[in-house]
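Undergrad: Can you keep this structure in mind? I'll have questions shortly.
The values are calculated or read from the model by the stated rules, or taken from the named source; none is laboratory data. A quick note: this is a predicted structure, and the numbers were derived from the prediction, not measured. Methodologically, a virtual Cβ is constructed for each residue, glycine included, from the backbone with ideal geometry; neighbour enumeration extends over all protein chains shown.
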Amino acid sequence: MTYNNPSYFWLLLLLIPITVWLIMRVKHNDASLQVSSVAPFAKVPKPKRIWLYYFPFTLVAVVFLIITLARPQESNSYSSETTEGINIMLALDISSSMLATDLRPNRLDAAKNVVTEFIHSRPNDNMGLVVFAGESFTQCPLTGNHAALINLVKSVEFGIIEDGTAIGLGLANAVNRLKDIEAKSKVIILLTDGTNNRGDIAPITAAEIAQTFGIRVYAIGAGTRGVAKMPVPDIFGNIHYIDMEVDIDETTLQKIASMTGGKYFRATDTSSLKEIYQEIDKMEKTKLHIENYSRKTEKYLPFLLIAFGLLLCELLIRITILKRLP
């Protein structure tokens, strides 16, 4: 039994003033007679029907009326759900070039915002985050706790590791997090804006390892075509922006994606980056099988009839049985 409007049970508090009113009504309606002694009345038999006068018909009727307002329902339901989440490692470039402003507000913040939306859109998947620049480390291992993952994505900033672009190292780190996972679908989404210039592992070598473990890689090159305002530090460590040619090793990224059964994308602005993650989301949809059956039957009528029956009984008793007591 469930109730469609359980908030109406707060009306049960009305029973307090109603009870007080009924007590006062009985007290004021009692007949009185001043005598010197009540001893002669002690043996006078009381009529058995007097209890009907004190029975709280109104009080009980109000209780049943409140239950009626709460709308008791009986539910018959059936549900069958099968979900198969996949394992996704996000490999994110956080080198200094990711501060370029061709994606708004810059490449790194744009990537973080889009990745956060992507995580929200896939509640059934295990996800993790690897970041890389001159080195690579795991910011978050595979987890189903998406709230914690999103907080770690938001905390990523340029400068937390040595600068540079170690694409192969970042990809190999992500592969290492997925290789021992037993799952039908394992995916890496690699986002970078440059060419590999650091690390001991070549990007193609890391792609071969991913291919060996059946890991699919979607590669994203982030940056406009042509010239963009790129960050350049001065001798005092202050960042200045100057126009520089955007150099992304698309050939290598395309080969990585092709070798592993993934796909390469080029994000030239923030909106195209969003569209890329949306397209990946569609291609890597989780398998979901849901059957729902629910039927609710209203059960308030008996309570309503009891309430009206009690009120009717009180009325009939007062105009018949209790009209005159002997």
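Undergrad: With respect to residue 255, determine if the residue is assigned to a helix (DSSP H, G or I), closer than 21 Å to residue 217 by Cβ, in contact (Cβ under 8 Å) with a residue 24 or more places away in the chain and out of contact with any helix residue (DSSP H, G or I) (no Cβ under 6 Å at 6 or more places or on another chain).
TA: Working: assigned to a helix (DSSP H, G or I): yes; closer than 21 Å to residue 217 by Cβ: yes; in contact (Cβ under 8 Å) with a residue 24 or more places away in the chain: yes; out of contact with any helix residue (DSSP H, G or I) (no Cβ under 6 Å at 6 or more places or on another chain): yes.
For residue 255, the condition - assigned to a helix (DSSP H, G or I), closer than 21 Å to residue 217 by Cβ, in contact (Cβ under 8 Å) with a residue 24 or more places away in the chain and out of contact with any helix residue (DSSP H, G or I) (no Cβ under 6 Å at 6 or more places or on another chain) - is met.
Per-residue answers, yes or no, for (1) more than 34 Å from the chain's Cα centre (by Cα); (2) assigned to a helix (DSSP H, G or I); (3) at pLDDT 90 or above; (4) not aliphatic (A, V, I, L, M):
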| residue | (1), (2), (3), (4) |
| --- | --- |
| 59 | yes, yes, no, no |
| 83 | no, no, no, yes |
| 92 | no, no, yes, no |
| 97 | yes, yes, yes, yes |
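Undergrad: Here is a follow-up. Identify the residue in the stretch 187-238 that is of a type in the set (S, T, N, Q) and outside any helix (DSSP H, G or I) and, among all such residues, is modelled with the lowest pLDDT. It would help to see each step written out before you state the result.
TA: Residues of the stretch 187-238 that are of a type in the set (S, T, N, Q), as a first pass: 192, 195-197, 205, 211-212, 224, 238.
Okay, now just the ones that are also outside any helix (DSSP H, G or I), so 192, 195-197, 224, 238.
Numbers: 192: 97, 195: 95, 196: 97, 197: 95, 224: 95, 238: 82.
Ranking the qualifying residues of the stretch 187-238, first place goes to 238.
Undergrad: Sticking with this one: Select from the stretch 151-186 the residues that are among the polar types (S, T, N, Q) and not in a loop (DSSP other than H, G, I, E, B) and write down the one among them that is farthest from residue 99 (Cα to Cα). Please lay out each step first, then the result.
TA: Pass one, the stretch 151-186, residues among the polar types (S, T, N, Q): 151, 155, 165, 173, 176, 185.
Keeping just the survivors that are not in a loop (DSSP other than H, G, I, E, B) gives 151, 173, 176.
Details: 151: 20, 173: 23, 176: 28 Å.
Among residues in the stretch 151-186 that are among the polar types (S, T, N, Q) and not in a loop (DSSP other than H, G, I, E, B), the one farthest from residue 99 (Cα to Cα) is 176.
Undergrad: Identify, please: which residue in the stretch 93-145 is surrounded by 16 or more Cβ atoms within 10 Å (Cβ to Cβ) and of a type in the set (Phe, Trp, Tyr) and is, among those, farthest from residue 249 (Cα to Cα)?
TA: Across the stretch 93-145, the extreme among qualifying residues is 118.
Undergrad: If you check every pair at least six apart or on different chains, which have Cβ atoms under 8 Å apart with a residue in the stretch 86-113 that is in the same structural domain as residue 190 (by TED's automatic domain parsing) and at positive phi first and a residue that is part of a loop (DSSP other than H, G, I, E, B) and basic (Lys, Arg) second?
TA: none
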